[in-house]
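Q: One structure is given below, represented as structure tokens, and several questions about it will come after.
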């Protein structure tokens, strides 16, 4: 008989992130399909506070490891806490959100418990009583369905792949799991956090819109001149007004290695498609991109895809965009920014 564990960590403020709620929903659905009991495991400074926010999720038990040693991510303490909760739950299937904190320790915890671990899981399914996962290979060009007979089975679920569990607050009964940390597990300390201010942050995974800029922004325009400073101003203004996430084509971020003018706020971290990321946003707007197959692959999980390009025969026009605007991206974005600014005033 399977026993499912949703293993979550709290944020530094004690809350649960959207990815944790998505994992909770996946565990709930999986356990229901298997007819199995499921449990929630929580790690953080105050596990009870996070449990209270999901009290009606339907879990049979809440297990928690609490204390100041478990606020910040650290391999030694996180691995020990995860191992203790898994042993207390006696789980055969463990589902965690694919965060940097869990990805760091998942393989080690699976080894300690004699289990197997799979990362970058995009779906958990049950067919004829058999449990399976889906994940993508070769930069999301091939989808695989995997099954394992070995238990326990650890799964790291990618964000944006499952609907978050809908819960309400209450008072949960949390079973405290004791973890005695040796001094060796406390050697790593977090001295502080450095992060860009909100207006400088361009990668926003939870944004409703993905705005992708292509190399056309840095090329010569209709007057025969380049307008990189203006492109920078227009794009950043659009991002500030819409709070969209910024993506880039591979050709644009590669320009820096060719000695050409580039957008200074753009890096390979913004790259979408080919050797870049495959984001998941409700809507996507591509500007000055060619839209050929390698780039379109990175957009496969975008629900609504639109593009702005002067070339009516570009790759986006060949069935890769839901709507193609044949227009000058400079003029379009300038006009949109004006409309958005006027709307924000009112």
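The values are calculated or read from the model by the stated rules, or taken from the named source; none is laboratory data. It should be emphasised that the depicted structure is a prediction, and the values quoted were computed from it without experimental measurement. Cβ atoms come from the backbone with ideal geometry, glycine included; neighbour counts cover every protein chain shown.
Q: Report those helices (runs of 4 or more DSSP H) wholly inside region 1-114 carrying at least 2 residues which are touching a helix residue (DSSP H, G or I) at 6+ places or on another chain (Cβ under 6 Å) and surrounded by 21 or more Cβ atoms within 10 Å (Cβ to Cβ).
A: Answer list for region 1-114: 75-89, 100-112.
Q: Can you pull out every residue in region 134-156 that is over 27 Å from residue 84 (Cα atoms) and out of contact with any strand residue (DSSP E or B) (no Cβ under 9 Å at 6 or more places or on another chain)?
A: 138, 139, 140, 141
Q: I would also like to ask the following. Could you run through region 279-293 and say how many residues are touching a residue at least 60 places away in the same chain (Cβ under 8 Å) and over 13 Å from residue 245 (Cα atoms)?
A: 4
Q: Among (1) part of a loop (DSSP other than H, G, I, E, B); (2) in contact with a strand residue (DSSP E or B) (Cβ under 7 Å, 6 or more places away or on another chain); (3) closer than 30 Å to residue 344 by Cβ, which single condition is residue 316 missing?
A: Going through the list (1) part of a loop (DSSP other than H, G, I, E, B); (2) in contact with a strand residue (DSSP E or B) (Cβ under 7 Å, 6 or more places away or on another chain); (3) closer than 30 Å to residue 344 by Cβ, residue 316 breaks only (1).
Q: Tell me yes or no: at least one residue of region 291-305 is surrounded by 15 or more Cβ atoms within 10 Å (Cβ to Cβ), within 16 Å of residue 207 (Cα to Cα) and out of contact with any strand residue (DSSP E or B) (no Cβ under 9 Å at 6 or more places or on another chain).
A: yes
Q: Oh, and also: From (1) out of contact with any strand residue (DSSP E or B) (no Cβ under 8 Å at 6 or more places or on another chain); (2) in contact (Cβ under 8 Å) with a residue 24 or more places away in the chain; (3) surrounded by fewer than 14 Cβ atoms within 10 Å (Cβ to Cβ), pick out the condition that doesn't hold for residue 337.
A: Residue 337 satisfies every listed condition except (3).
Q: Quick one: in region 288-326, which of the residues that are modelled with pLDDT under 85 and at positive phi is farthest from the chain's Cα centre (by Cα)?
A: Filtering first and then ranking leaves 319.
Q: Residue 202 - would you say it is at pLDDT below 95, on the phi < 0 side of the Ramachandran plot, buried (at least 20 other Cβ atoms within 10 Å of the Cβ) and outside the structural domain of residue 309 (by TED's automatic domain parsing)?
A: Yes.
Conditions tested, residue by residue: (1) at pLDDT 95 or above; (2) part of a loop (DSSP other than H, G, I, E, B); (3) surrounded by fewer than 15 Cβ atoms within 10 Å (Cβ to Cβ).
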residue	(1), (2), (3)
124	yes, no, no
135	no, no, no
140	no, yes, no
155	yes, no, no
162	no, yes, no
